[in-house]
Amino acid sequence: MRKSKKPKLSEFRLRIKLDIGDDAIGPGKARLLRAIDERGSISAAARDMGINYRRAWFLLETLNSALGQPVVVTTKGGSDGGGAALTEAGRAILMAYEKCVENTLKSTQDILDTLQQSLSKK
């Protein structure tokens, strides 16, 4: 008989996905938007995430399409280099998603702690 491994609390994760029409924003797209906001660059954000630039643009385009408006505005390169910034829509969707995640994690922590304690006893 095979002995099953006891899960650790770190193995319990809650993933939030906010559906937007036929698409959604989840942890990956939120992380991309946050990185663009912090770095001011799609390519730098993609590098930080370990994805290629083309993949980053694809993720942004799916959000643009779902929202019916751009989430990021870009400026062309030149002597100062190019850049990217969140639009009002991009900032709004990111803030809403992050707030939902924060509130959900706060409200479910006791449940996950109880689950961990229950499973640890067995």
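Summary of computed values
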{"read-out": "Compactness index (Cα Rg / 2.2 N^0.38 Å), the chain", "value": "1.37"}
{"read-out": "Where labels lie 7 Å past Cα in the beta-carbon direction, separation of D37 and R55 in nm", "value": "2.2 nm"}
{"read-out": "Long-range amide H partners of I20 with built H, under 5 Å", "value": "I25"}
{"read-out": "Selection from A66, L32, G77, by position along the positive dipole direction of the chain (Cβ)", "value": "L32"}
{"read-out": "Charge dipole magnitude, Cβ of K and R +1, D and E -1 - the chain, Cα centre, debye nearest 20", "value": "1000 debye"}
{"read-out": "For peptides 68-75, 50-57, sequence by mean Cβ density within 10 Å, most packed first", "value": "68-75, 50-57"}
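No value in this document is a laboratory result; all are computed from the given coordinates. What you see is a predicted model, and the numbers here were worked out from it, not measured in a lab. A quick note on method: Cβ atoms are made from the backbone with ideal geometry, for glycine too, and the neighbour counts reach across all protein chains shown.
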